[in-house]
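To start, the structure itself, in structure tokens.
What follows is calculated from the coordinates using simple rules that are stated; it is not laboratory data. A quick note: this is a predicted structure, and the numbers were derived from the prediction, not measured. In this analysis, Cβ positions are derived from the backbone assuming ideal geometry, glycine residues included, and neighbour counts consider all displayed protein chains.
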Amino acid sequence: MKKLGFIFLPVWVAFAGIMTACNDTYSPEVDMIRIEGVSWACNVSTSYAIFGSSSESEELLEVTLPASAGDLLYMIKDDLQFYYRYNQENGTLLSVSFDTLNAVSVYLNGNLEYMELSGPSSMEAFSQLSDPEFEQLSTIYIQGPVSDDQLMVLKKHETRLSGKGLVVEGGAGSDSFHEILSIFRPTFLVIDDLGVLPDPEDGSCVSKLELLWVDSNIPALTKLANCCSNLESLIVASWEPKPGELLPLSGLKKLQSITIAESELTTLESIEFPKSLRKLHLISCDTLSDISGLGDLQNLKHL
């Protein structure tokens, strides 16, 4: 995924924004987590890359960030990156370390959490993972396009990969994308702006999807999202709505959180919101002028 542009702002500013609520009786559980080993981090679910936390020292890398269970966090150290969906079971003190031998691997509290597959050496390292390492591994980053040989390796470990998080760069527009989805059946999916996103031929390959982050392509997103019956969180970036364009999400009965970032959205009437929606994050949507649709969101508690 392309590196996010970011602005260094005090973390308390982000925290204040997260705790702003439409209903004072609603108090989402927000943890202040301390992350060691990264120079910058942001909570993509709540603040995209507008608010973030940076390390005050180059020698002692440590950031503090607010997050709720299931939020998608993005971290960097030098030119290395790490996507992590916050799990309260891992605690609020997170120790992150990077290993770049053969494959970029990220360890969280000593356990293998994330791995990048971008060439022959990384695929070989992936194939040599032990059973405990496969069990620890939560997220795979794939640099596309994916070759037939790489697909064969992934298929060999299909049972171990099912339900992992998946980040795809440069491969979602290829013929292999559906096969990748079928192998992973991911719980969260991050895909960059790739033009035409293919329709899943079998909706079951995204039936486990709980979080989806995609850029720009609303027609393709609509086709994909309609297959995601378990989707809880949706992040849409760089959306420039065309006249009359509609994002129909009303059929997603479990969708609780929507993040719209860096969009030229002018009216909320461009979105068909589900009745289940509880959180709406509108970030750097400078052209938004009509928010009259908020009155229809009876279960919305956090804006």
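The HN-Hα couplings worked out from phi for the range 264-273 by the Karplus form 6.51 cos²θ - 1.76 cosθ + 1.60 (θ = phi - 60°) are 9, 4, 10, 9, 6, 5, 7, 10, 8, 7 Hz, whole numbers, x standing for Gly and Pro. Computed from backbone phi with θ = phi - 60° and the Karplus coefficients 6.51, -1.76 and 1.60, the 3J(HN,Hα) list for the range 47-64 is 9, 6, 10, 6, 10, x, 10, 10, 5, 7, 9, 6, 7, 10, 7, 7, 10, 10 Hz; x is used for glycine and proline. In the chain, Cα pairs under 8 Å separated by at least six residues give a relative contact order of 11 percent. Determine the relative contact order of the range 144-296: mean sequence separation of Cα pairs under 8 Å and six or more apart, normalised by residue count, in whole percent. Computed over the range 144-296, the figure is 15 percent. Among the listed pairs 77/164; 164/208; 275/301; 253/301, those with a Cα-Cα distance over 19 Å are 77/164. For the range 32-40, what does the Karplus curve 6.51 cos²θ - 1.76 cosθ + 1.60, with θ = phi - 60°, yield as ³J(HN,Hα) per residue in whole Hz, taken in order and with x for Gly and Pro? Running phi through 6.51 cos²θ - 1.76 cosθ + 1.60 with θ = phi - 60° gives 8, 9, 10, 10, 9, x, 10, 8, 7 Hz. Note on 151, 101, 189: ascending count of other Cβ atoms within 10 Å places them as 101, 151, 189, the fewest first. Given H placed 1.01 Å from N in the peptide plane, which residues other than close sequence neighbours of residue 285 have an amide H under 5 Å from its amide H? HN-HN under 5 Å from residue 285: 262, 263. The residues 112, 212, 246, when put in order of fewest to most other Cβ atoms within 10 Å, stand as 246, 112, 212.
With neighbour counts taken as other beta-carbon atoms within 10 Å, the residues 100, 139 rank, fewest first, as 100, 139. Summed over qualifying helices (DSSP H, 4 residues or more, each -39500 (n - 2.57)) and divided by its residue number, the chain shows a 222 nm mean residue ellipticity of -4500 deg cm²/dmol.
The range 222-286 and the range 27-97 have their alpha-carbon centroids 24 Å apart.
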